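Structure, as structure tokens:
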Amino acid sequence: MKDVLDALLRGVANENAQSHAAVAEHPLIQTVTAAVQSEDVDGFYFGLIFPLSEMIDGLLTKELPQSHEARFLFKHARFVETQFQKLFEKYEGSACCADKSRTVLRHLLVFFKTAVPVSFDYTQQYTYHLPKRVFITHEEIVSFFDAIYRLYYGNIDPFLTHIADLKLRMLDSPSS
């Protein structure tokens, strides 16, 4: 098992190295590499991350002008998805927690684009991807997304409040 994991990790490292090697001679990459080597976090950020972020913002503003929440969801999908996924894992178990979080994100995106409230069809043949105990209502999902949004920008209070309320509710609610 250890050999298999070591081989997988080497493969990932090799892919990363190849990706870097393909662009290593570009002046921009040389500039940000020098920033990393000289421990210049700001130089790295303003040399690579900031311009990329600005381009992404431009694309998302053009494509989703009506919803800053939809733009945030696209730009920070992994961050948002992880928050939902970890709570599904904690309160519903690890089976299908990624499917559930992706389902919630898809429904949130529809809501942000069309104002159609989040709603799940529990009568369909397969429901493994639907929340069972947490994040089952539109209000709870949107409220938690808002707390994640605020957390990302440094306002931790709504997130902490949501987590505390969820913990209390789960203590009072029997497992399904």
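The values are calculated or read from the model by the stated rules, or taken from the named source; none is laboratory data. Note that the structure is a prediction, hence the values are computed from the model and not measured. Every residue, glycine as well, gets a Cβ built from its backbone with ideal geometry; the counts of neighbours run over all protein chains shown. The area values use the complete protein model at the heavy-atom level, side chains included, leaving out ligands, DNA and RNA. Shrake-Rupley method; radii C 1.70, N 1.55, O 1.52, S 1.80 Å.
Considering only helices (runs of 4 or more DSSP H) fully contained in region 21-136, which possess at least 1 residues that are closer than 26 Å to Leu168 by Cα and of a type in the set (Val, Ile, Thr)?
Once the helices (runs of 4 or more DSSP H) in region 21-136 are filtered for at least 1 residues that are closer than 26 Å to Leu168 by Cα and of a type in the set (Val, Ile, Thr), what remains is 77-92, 97-114.
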Taking only pairs six or more apart or across chains, which ones have beta-carbon atoms under 8 Å, a first residue in region 85-108 that is open to solvent by 40 Å² or more (accessible area, probe 1.4 Å), and a second residue that is part of a helix (DSSP H, G or I) and hydroxyl-bearing (Ser, Thr, Tyr)? Gln85/Ser101
Only one of (1) more than 30 Å from Leu130 (Cβ to Cβ); (2) in contact (Cβ under 8 Å) with a residue 40 or more places away in the chain; (3) among the basic types (Lys, Arg) is not met by Lys62, so which one is it? (2)
Output yes when any residue across region 115-126 is open to solvent by 70 Å² or more (accessible area, probe 1.4 Å), over 24 Å from Gln66 (Cα atoms) and among the β-branched types (Val, Ile, Thr), and no when none is. yes
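Looking only at region 145-161, count how many residues are more than 17 Å from Arg71 (Cα to Cα) and not charged (D, E, K, R).
Of the residues in region 145-161, 7 are more than 17 Å from Arg71 (Cα to Cα) and not charged (D, E, K, R).
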Please pick out the residue among Glu54, Glu139, Glu69, Glu63 that is surrounded by 12 or more Cβ atoms within 10 Å (Cβ to Cβ) and among the charged types (D, E, K, R). Glu69
Given the conditions (1) in contact with a Pro (Cβ under 9 Å, 6 or more places away or on another chain); (2) buried (at least 18 other Cβ atoms within 10 Å of the Cβ), report the number of the one that Asp146 does not fulfil. (2)
Among what's in region 129-158 and is touching a Phe, Trp or Tyr at 6+ places or on another chain (Cβ under 6 Å) and at pLDDT below 95, pick the residue that is farthest from Leu109 (Cα to Cα). Arg133
